[in-house]
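The values are calculated or read from the model by the stated rules, or taken from the named source; none is laboratory data. In this text, all values refer to a predicted model and were calculated from it rather than measured experimentally. Every residue, glycine among them, receives a Cβ derived from its backbone with ideal geometry; neighbour counts consider all protein chains shown. Surface accessibility is based on the protein's heavy atoms, side chains included, excluding ligands, DNA and RNA. Shrake-Rupley method; radii C 1.70, N 1.55, O 1.52, S 1.80 Å.
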Number of protein chains: 2
Amino acid sequence: MKLLEDKIKKEGKVLEGGILKVDGFLNHRLDVKLIAELGADIAKEFASAGASLILTVESSGISIAYAAAVKMGLPVLVAKKHKSHNISDGVYTAPVFSFTHKTENTVLVSDEYLSAADRVLIVDDFLASGNAAMGLLSLIEQAGATCVGFVAAIEKEEQGGRALIEGKGVKVYSLARIKEMRAGEIIFK
Amino acid sequence: MKLLEDKIKKEGKVLEGGILKVDGFLNHRLDVKLIAELGADIAKEFASAGASLILTVESSGISIAYAAAVKMGLPVLVAKKHKSHNISDGVYTAPVFSFTHKTENTVLVSDEYLSAADRVLIVDDFLASGNAAMGLLSLIEQAGATCVGFVAAIEKEEQGGRALIEGKGVKVYSLARIKEMRAGEIIFK
C-alpha cells in the first residue's frame, strides 16, 4: 500500500537491532486519517472472507483493528497481555515472546467472546518473527474457531514470520512489506 | 448518554470492590458501532473547544479516543504505561495508581508529540478516583500545553475523581455517570 510505504519512508526510523520506529503515526501518536485508510484496505482485501470477528492484541494493534472493524461491521476482540502465566478459569492463553522488548508475555482472551463458530481475522501492527501471530493463532485453535487471515500493517520480511503463519494454512496480508532495513534505508518488496 | 447507560444496565457486571466489568462491549470485546456513537457524542460536545490533539492511555481508552478523533479530524496521542520509573530523555512521565489492579504505573509520552501550543482533549474509558486523569493532566502541564476537557465513557461518581479534575479548572464530561453501584444494581445520576 503506497500510502503507508511513503509514510514509513518519510517518518519511520530504523533503530539498532532491526527495530523500526513508527511512533509518529502508528504506535504512539496515531495518524487517524492514515489508519482509517489502512482499515478500508483491509476491509476490501477480506470482503469475501466471511469473517465474524477481528482479533488483535493490546495495545498497538487496537486502532488498526478498530478501523478495519468499522468498515466490515464486525466486533473486535482485544487479547490482553500479561506478564504472569497464572491461568484462571474461562480464558484461553498462549505464551508470546516479544522481539522488541525481549520479554515473554502471555496473551489471553475470555472464552465468552471466542467460540467454535467464529471466523476470525487477526489484525496487528507488525509481523516480524511471527511470535505474536502464533500466540493469537493458538487462542483461535483452542476455541475451535477458524482463522480466515492474518493482517499486519507492516511486515519485516527478513524475520521470517510469514512462513510460520502460512505453514498453518492461513493467508498473510501485509500493507507494507519491508524486504530489508539498513541504517537510514528501508527497502520494500 | 442513554445508549451507553442501557448497554451498561443490560451487560455490565458489578464485581466485588466496586469494579464494573464492561468487557463485553468496551474493554475486551469492542462493540464498534457503540464506540463510534460514543466518539460522535464526544465530538459534538467539544466541537467548539479548539482541540488540536486527543490524549488517551493504553489500552482501554484507545478505541474511544480513536472514534472521537475520526469525527474531530484530530490525531491521537497514546500515553504508554510502564511498570518501572526509569526516566529517559525526551519523555514526560507521571505516576498513576491503578484502582483496578492495585499497582502503581508510570504514564509516559514523548515530548516530540506534545508541545506548549497543543490544546488537548483527554479521552479515557473510566473516571473513578481520578488517578489516571491526574497523571495525564501532569503530562500536559509538563509540556506547557492546555487541557480543554476530560472525557470518560463511564464515570463512577462515588470515587470522587470529578472534583480533582474540576479543581484544576478542567471541564469533565462523562457519557454514563454512575451514582451508585450495588450487587446487581447500577444507579445512574
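The share of accessible area on region B:41-151 that comes from carbon and sulfur is 50 percent, using a 1.4 angstrom probe. The residues of region A:49-82 occluded by other protein chains by 30 Å² or more of accessible area, set against the chain on its own, are A:Ser59, A:Ile62, A:Tyr66, A:Pro75, A:Val76, A:Val78, A:Lys80; surface from heavy atoms, 1.4 Å probe. Normalising the Debye intensity of region B:116-189 to I(0), with uniform scatterers on Cα atoms only, and taking log10 at q = 0.16, 0.24, 0.25 Å⁻¹ returns -0.54, -1.03, -1.10. Solvent exposure of chain A amounts to 43 Å² per residue of accessible area, where only protein heavy atoms count and the probe is 1.4 Å.
Debye calculation, C-alpha points only, no solvent: report log10 I(q)/I(0) for the protein assembly as shown at q = 0.07, 0.14 Å⁻¹, in the same order as the q values. Here the Debye-derived log intensity ratios amount to -0.29, -1.27.
Interface between chains B and A: roughly 2600 Å² of accessible area buried, both sides summed (probe 1.4 Å, protein heavy atoms only). Take every DSSP beta bridge whose two residues both sit in region B:79-189; close to 50 percent of them are antiparallel. Backbone phi angles across region B:171-187, fed through the Karplus curve with coefficients 6.51, -1.76 and 1.60 (θ = phi - 60°), yield HN-Hα couplings of 5, 10, 9, 10, 7, 9, 10, 8, 7, 7, 10, 10, 3, x, 9, 10, 10 Hz in residue order; Gly and Pro are listed as x. Spatial offset of region B:107-166 relative to region B:14-56 amounts to 14 Å, using the alpha carbon center of each.
Considering only the Cα atoms of chain B, their convex hull presents on average a projected area of 9.9 nm². Run through every distinct alpha carbon pair of region B:1-64 and return the Kirkwood hydrodynamic radius in angstroms, one decimal place. Hydrodynamic radius (Kirkwood, Cα only) of region B:1-64 equals 13.2 Å.
Treating r as the C-beta distance of B:Val14 and B:His82 and R0 as 25 Å, the FRET efficiency rounds to 0.25. Sequentially through region A:60-66, phi angles give Karplus couplings (6.51, -1.76, 1.60; θ = phi - 60°) of 6, x, 4, 5, 5, 4, 4 Hz, Gly and Pro residues having no value and appearing as x.
Report the FRET efficiency, 1/(1 + (r/R0)^6), for B:Gln142 and A:Thr103, where r is their Cβ-Cβ distance and R0 is 25 Å, rounded to 0.05. Display every interim value, and only then the final one.
Working: r = 28 Å, r/R0 = 1.12.
E(calc), rounded to 0.05, equals 0.35.
Note on chain A: with a GNM built from Cα contacts shorter than 10 Å, the maximum mean-square fluctuation among A:Glu141, A:Glu155, A:Glu45 falls on A:Glu45. Across region A:128-138, rounded Karplus estimates of 3J(HN,Hα) from the backbone phi angles (6.51 cos²θ - 1.76 cosθ + 1.60, θ = phi - 60°) give 10, 6, x, 5, 5, 4, 5, x, 5, 4, 4 Hz, Gly and Pro being marked x.
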